[in-house]
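The values are calculated or read from the model by the stated rules, or taken from the named source; none is laboratory data. Everything numeric in this text was worked out from a predicted model, so none of it was measured. In this analysis, Cβ positions are derived from the backbone assuming ideal geometry, glycine residues included, and neighbour counts consider all displayed protein chains.
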Amino acid sequence: MSNTFLGMPTLPVFGHGNLNATEPFPKAARRELANTQLRANLGHATHTIRDKRLKVVAELPDWEELRNAGSAIKNATMANLPALLEQFEANFTARGGIIHWARDAQEANEIVTDLIRATGETEVVKVKSMATQEIGLNEYLEEQGIAAFETDLAELIVQLDHDKPSHILVPAIHKNRSQIREIFLREMADVDPALTDDPARLAEAARKHLRKKFLSAKVAVSGANFGLADTGTLTVVESEGNGRMCLTLPETLITVMGIEKLLPSWTDLEVFMQLLPRSSTGERMNPYTSLWTGVTPGDGPQNVHLVMLDNGRTAALADEMGRTALNCIRCSACMNVCPVYERTGGHAYGSTYPGPIGAILSPLMTGIKSEENNSLPYASSLCGACYDACPVKINIPEILVHLRGEDVDSKRSKTKAPTQMDLMMKGAQWAFSSGSHLNLLEKGLPLGKLVAGRNKVIKKLPGLAAGWTQSRDIPAPPSQSFRQWWATEHQAPAGVEHPEGDQA
Amino acid sequence: MKIALFATCIVDAMYPRTARATVTILERLGHEVVFPQGQACCGQMHVNSGYFKEALPVVANHVKAFDTDDYDVAVAPSGSCVASVKHQHEMVARRCGDAALEARAAVVGAKTYELSQLLTDVLGISNAAEQLGSYFPHKVTYHPSCHGMRLLRLEDRQLNLLASVGGIEMVALPEADQCCGFGGTFSMKNADVSSAMNADKAANICGTGAELCSGGDASCLLHIGGGLSRQGSEVGTLHFAEILASTLENPVTVTGEVQLAGGKR
């Protein structure tokens, strides 16, 4: 192999930045589960959004058709992504916008920093954006001496508290209003000391705090919900109107968008404008939808930039079983219905993308071997609630299982000692691949009765099984298996047996 | 009709009464039940734990046992295992590059039914008291297991059969559609989250005042019952097949050897 740079990166190009679980999920989950306030806040919030979503989804007779359409449009987009990206670039550029391509988080952060530096500004206002969370833009800018102010209310709460978002749509879902009041009193220099925890008063305090920033900011940084290839148009969908202020008032607008956010055409937006608000906030329609196409002379930002971000998306696209994860429109319906997310919260996942979609998207983008990301695909009981809720029908349980397979295969080795799980699976393979093997094993069932003793329950097991017996008993096994009963005692169909007629 | 019983490994080894109840119900309706001796397990534990290579011989064994013309339909008293047979076997064969097995697995999958599916859709049972003589004078709540609900779309088949049993008093389970937290090896790998989910399920069950929680998957009932037992609860779990098999003359006994997964004995 030559060391000469040939202009092509080694494939696949995995993602970097805030995409990793930094500790194994079970360990992080144990800590978060112990936080009873968090459990209460999350339980209340997820159940409220869940119920709202179900109500507005039930209003649409063609909801399933919309989901099918959303899925089909996204699949077609991914199948034709290179051509669509070029089409988008041509249209965006023709209308006065400037496109920058970023292979990973580092490149994207450098591009944004250079663009801000070119304006001479040291402060920027921000529209809520997952892509910039993913690349750690705020932290990077801070190191470069540039202050980024989040303007979304929940992002503002999280930023003021020096915390991390725990949900992609409701970043402060883990905080209740009295905690938010405390944060405002502690961190907002200009706040009214008589502030109460009334939601309207809290919102008012944030509005007053932000208004000065909106009016003075010369540069805004945003993400985008959709990019429309046939016109070169960008879209931001939001609830508060802070996004609209950022997108229209400053002189310079820098947008960071993942390359998978494209839709082939303007008309496709109709499907997603029905799917997204209902799935995310449980609203029929979101309050603000902003669309912009390059520069409009004399109106709005005159310097319009777009950073197209890969950061592991092409690696995910290369995975035949996993690529539909890129269809995600970041609605968060999957996390709102997930029984695991509901109890652990978003921080347990480590990555910017928590919940069911994060458990597949993070390892797909970084590769299964990155930090502790191989623990994420196991963070699910495979109950399937996420798949049912997903507006673009990403089969999350199937991809979770696929990634578990990737993890197991990545650790197969002739030299390393097998884990307890490996040994259990190997033993079970022997037992379950033949009726006579299983029969032989089942002849040992009476031994289990001995273990269970007089109380007829097994209360403590060693090793991996200790996880089970930490909260669950196992009943004493029967004296004989079904197949033994069938072979020895079941008579011809004429003599109908009653199942509990005898116990050997 | 000639019906092949797929007992499933957990019922075969731990809950033989559930398989015997299934035989009882089908024979009571005049059908012939056969038990393919080669059967063992659907392989779901291996697949869902990511051990595809190890799953392949388990899947191949199941397909070999059931790929015959010797029966009309196959039935299993489990939504989860049937979902595996119907939805996972082809995928495992494909992933391991065995096209012949994939094709045979599709044939077996198409002939395999979950018990309430078979009773309702094929055998036309809508009133267990009248058509099966089912009688069970107890207060019962019902947990619909995730795979039956979301992969097989069983809807209310199990619940409707239970509600039509003579003498039974059904009470609705709050948040019934929430997973109990079993999830196979999830219960061991993520034991804390699994236990937290089970605790909420147990609280909802106990809040109904029911004597028993019924369901269609022995694995979930083992999980829920195991949690109730650890808490010292009087409430137990019982597969719906055993309730359907119970009659006035031969009532199902709720005490005895391996019976309820939980509760006082």
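Restricting attention to the stretch A:360-381 and to residues that are within 9 Å of chain B (Cβ to nearest Cβ) and free of Cβ contacts under 8 Å to residues at least 60 places away in the same chain, the residue that is farthest from B:ARG150 (Cα to Cα) turns out to be A:PRO377. Taking each residue of the stretch A:14-25 that is closer than 18 Å to A:ALA315 by Cα and touching a residue at least 24 places away in the same chain (Cβ under 8 Å) and looking for partners that are surrounded by 21 or more Cβ atoms within 10 Å (Cβ to Cβ) and of a type in the set (D, E, K, R) with beta-carbon atoms closer than 9 Å, six or more apart or interchain, yields A:GLY15/A:GLU134; A:GLY15/A:ASP310; A:GLY15/A:ARG313; A:GLY17/A:GLU134; A:ASN18/A:GLU134; A:LEU19/A:GLU134.
Inside the stretch A:177-205, residues that are assigned to a loop (DSSP other than H, G, I, E, B) and among the hydroxyl-bearing types (Ser, Thr, Tyr) make up a count of 1. For the stretch A:454-464, a residue qualifies if it is in a loop (DSSP other than H, G, I, E, B) and touching a residue at least 12 places away in the same chain (Cβ under 8 Å), and the qualifying residues are A:LYS456, A:LYS459, A:LEU461. Scanning the stretch A:145-176 for residues that are in a loop (DSSP other than H, G, I, E, B), under 20 Å from A:ILE254 (Cα atoms) and touching a residue at least 24 places away in the same chain (Cβ under 8 Å) yields A:ILE146, A:THR151, A:ASP152.
Restricting A:ASN68, A:ASN80, A:ASN91 to residues that are over 24 Å from A:PRO165 (Cα atoms) and surrounded by 15 or more Cβ atoms within 10 Å (Cβ to Cβ) narrows the list to A:ASN91. Each residue in the stretch A:20-58 was checked for being small (Gly, Ala, Ser) and more than 19 Å from B:PRO174 (Cα to Cα), and 5 of them qualify. If you check A:GLU107 against the conditions, is it part of a loop (DSSP other than H, G, I, E, B), more than 23 Å from A:HIS347 (Cβ to Cβ) and assigned by TED's automatic domain parsing to the domain that holds A:ALA217? Considered against the rule, which asks whether it is part of a loop (DSSP other than H, G, I, E, B), more than 23 Å from A:HIS347 (Cβ to Cβ) and assigned by TED's automatic domain parsing to the domain that holds A:ALA217, A:GLU107 comes out as no. Looking only at residues of the stretch A:423-447 that are surrounded by 13 or more Cβ atoms within 10 Å (Cβ to Cβ), more than 7 Å from chain B (Cβ to nearest Cβ) and touching a residue at least 12 places away in the same chain (Cβ under 8 Å), we find that the one that is nearest to the chain's Cα centre (by Cα) is A:MET424. Among the residues of the stretch B:160-172, what is the count of those that are surrounded by fewer than 22 Cβ atoms within 10 Å (Cβ to Cβ) and not small (Gly, Ala, Ser)? Final tally of qualifying residues: 5.
Within the stretch B:24-35, being crowded, with 24+ Cβ neighbours inside 10 Å and facing another protein chain (nearest Cβ under 7 Å) holds for one residue alone: B:THR24. Residue selection: A:VAL408 satisfies the criterion of being of a type in the set (A, V, I, L, M), within 13 Å of another protein chain (Cβ to nearest Cβ) and surrounded by fewer than 24 Cβ atoms within 10 Å (Cβ to Cβ). The residues listed here are A:VAL158, A:VAL57, A:VAL125, A:VAL112; of these, the one that is surrounded by 14 or more Cβ atoms within 10 Å (Cβ to Cβ) and in contact with a Cys (Cβ under 6 Å, 6 or more places away or on another chain) is A:VAL125. Contact annotation: residue pairs with Cβ atoms under 7 Å, 6 or more positions apart or on different chains, pairing a residue in the stretch B:235-255 that is more than 15 Å from B:LEU26 (Cβ to Cβ) with a partner that is of a type in the set (Lys, Arg), are B:THR255/B:ARG265.
One line per residue, one yes/no per condition, for (1) closer than 30 Å to A:ALA205 by Cα; (2) hydrophobic (A, V, I, L, M, F, W, C):
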| site | (1), (2) |
| --- | --- |
| A:PHE92 | no, yes |
| A:ASP114 | no, no |
| A:GLU142 | yes, no |
| A:GLY145 | yes, no |
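In the stretch B:36-95, of all residues being more than 9 Å from chain A (Cβ to nearest Cβ) and assigned to a loop (DSSP other than H, G, I, E, B), the one that is surrounded by the most Cβ atoms within 10 Å (Cβ to Cβ) corresponds to B:SER78. The condition of being touching a strand residue (DSSP E or B) at 6+ places or on another chain (Cβ under 6 Å) and small (Gly, Ala, Ser) holds for only one of A:ALA205, A:ALA217, A:ALA189, A:ALA194, that being A:ALA217. Please verify whether A:VAL170 is on the phi < 0 side of the Ramachandran plot and modelled with pLDDT of 95 or more, treating the condition exactly as stated. Here the answer is no, as A:VAL170 does not meet what is asked. Being free of Cβ contacts under 8 Å to residues at least 40 places away in the same chain, more than 18 Å from A:ILE396 (Cβ to Cβ) and in the same structural domain as A:LEU249 (by TED's automatic domain parsing) is a description that does not apply to A:ASP310. Checked against (1) in a helix (DSSP H, G or I); (2) under 26 Å from A:ILE49 (Cβ atoms), A:LEU215 passes all but condition (2). Can you name the strands (runs of 3 or more DSSP E) wholly within the stretch A:224-273 that have at least 2 residues being touching a Phe, Trp or Tyr at 6+ places or on another chain (Cβ under 8 Å)? Once the strands (runs of 3 or more DSSP E) in the stretch A:224-273 are filtered for at least 2 residues that are touching a Phe, Trp or Tyr at 6+ places or on another chain (Cβ under 8 Å), what remains is A:226-228, A:233-238. Scanning the stretch A:54-73 for residues that are under 15 Å from A:THR281 (Cα atoms) and under 24 Å from the mean Cα position of the chain (by Cα) yields A:LEU54, A:LYS55, A:VAL56, A:VAL57. Selection of strands (runs of 3 or more DSSP E) fully inside the stretch B:110-215 by the criterion of at least 3 residues being touching a helix residue (DSSP H, G or I) at 6+ places or on another chain (Cβ under 8 Å) and away from every other protein chain (no Cβ under 13 Å) returns B:112-114, B:139-142, B:212-215. Could you check, for the stretch A:295-302, whether at least one of its residues is touching a helix residue (DSSP H, G or I) at 6+ places or on another chain (Cβ under 8 Å) and in the same structural domain as A:GLU134 (by TED's automatic domain parsing)? The answer is yes, given that some residue of the stretch A:295-302 is touching a helix residue (DSSP H, G or I) at 6+ places or on another chain (Cβ under 8 Å) and in the same structural domain as A:GLU134 (by TED's automatic domain parsing).
Here's the yes/no breakdown for (1) at pLDDT 85 or above; (2) closer than 15 Å to B:ARG17 by Cα; (3) not aromatic (Phe, Trp, Tyr):
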| site | (1), (2), (3) |
| --- | --- |
| A:PRO418 | yes, no, yes |
| A:ASP422 | yes, no, yes |
| A:LEU445 | yes, yes, yes |
| A:ILE458 | yes, no, yes |
| A:SER479 | yes, yes, yes |
| A:GLN491 | no, no, yes |
| A:PRO499 | no, yes, yes |
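Scanning the stretch A:142-175 for residues that are among the β-branched types (Val, Ile, Thr) and closer than 22 Å to A:HIS347 by Cα gives A:THR151, A:ILE157, A:VAL158, A:ILE168, A:VAL170, A:ILE173.
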